[in-house]
Amino acid sequence: MKHLIRKTAIILLLLAFITSTGLAAPNAKEIKGLMRNVNLQWNNGVSFSANVIFYNERIYVPLRLAAEGLGCQVNWHGATNTVTIQQSQSFQDFPEANPWENERFVYGEILSMDKDKKLLTIEEHYDDHSRFTEPELSVSPQVVIILQRNDKKMNLDFSDLRIGDHVGLVLNKDGIVRGIILNDA
């Protein structure tokens with residue numbers, strides 16, 4: 001949470017500087033400052049060198065450089081003199097199945113799906129010789145879907161699932177799918 005607040009504060013300060021200088025362009029005045037190459041390092045491990053301006057006992061870093069270093073996306077809209085900064089989506093995980101809460105984990109292959117009604121039918125695999133078909137499993141509207149490959153993970157949408165995908169499902173106590181792992185091996 002602190003990290004998000006810190007990111008937001010830095011971005012707002014930089015945005016205020018850029019906005020004020022952009023709005024003042026017709027009445028711009030010339031200033032004298034120093035430009036130096038310095039090493040910049042963010043707490044997310046990103047570090048590199050960049051030219052920054054030293055003026056009036058302050059350091060001015062280009063907005064795009066700072067925002068992108070913090071993992072945000074920056075867009076400039078010249079017609080309205082507007083800078084848009086959006087925090088990049090971060091990975092969302094879900095808790096594992098909790099048998100004490102009557103949840104269960106099911107592994108199998110998707111046999112059919114109804115994307116409009118958010119229903120899945122899977123062939124559940126217990127072992128190499130035991131299989132069972134789970135018909136029409138309801139998928140929660142808030143389902144979290146994860147594509148996992150090696151040590152990398154990313155979130156997907158329900159529309160990204162395909163018949164034949166091998167998935168792990170977490171079913172809540174009501175039998176509704178609240179989490180899906182698509183293992184792309």
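The values are calculated or read from the model by the stated rules, or taken from the named source; none is laboratory data. These numbers were taken from a predicted model, which means no experiment stands behind them. FYI the Cβ positions are ideal-geometry reconstructions off the backbone, even for glycines, and counts take in every protein chain you see.
Listing for the model above:
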quantity: Among the residues listed as D165, D128, D174, D184, the single one being charged (D, E, K, R) and under 22 Å from S90 (Cα atoms); calculated: D184
quantity: Condition met for T82 (modelled with pLDDT of 85 or more and of a type in the set (S, T, N, Q)); calculated: yes
quantity: Scan of region 115-132 for residues that are closer than 16 Å to R104 by Cβ and either of a type in the set (S, T, Y) or touching a residue at least 24 places away in the same chain (Cβ under 8 Å) (or both), ordered by number; calculated: L120, I122, Y126, S130
quantity: Candidate set: region 85-111, residues that are among the hydroxyl-bearing types (S, T, Y) and exposed (fewer than 13 other Cβ atoms within 10 Å of the Cβ); chosen: the one modelled with the highest pLDDT; calculated: S90
quantity: Search result, residues across region 96-110 that are without any contact (Cβ under 8 Å) to a residue 60 or more places away in the chain and assigned to a loop (DSSP other than H, G, I, E, B); calculated: N98
quantity: Given (1) hydroxyl-bearing (S, T, Y); (2) touching a residue at least 60 places away in the same chain (Cβ under 8 Å); (3) not assigned by TED's automatic domain parsing to the domain that holds D157, index of the condition S49 fails; calculated: (2)
quantity: All strands (runs of 3 or more DSSP E) inside region 119-185 with 3 or more residues being closer than 18 Å to E96 by Cα and within 25 Å of the chain's Cα centre (by Cα); calculated: 131-149, 152-156, 166-171, 177-183
quantity: Hey, I59 under 19 Å from the mean Cα position of the chain (by Cα), in a strand (DSSP E or B) and over 30 Å from G175 (Cα atoms) or not; calculated: no
quantity: Qualifying positions in region 72-84 - surrounded by 13 or more Cβ atoms within 10 Å (Cβ to Cβ) and in contact (Cβ under 8 Å) with a residue 40 or more places away in the chain; calculated: C72, V83
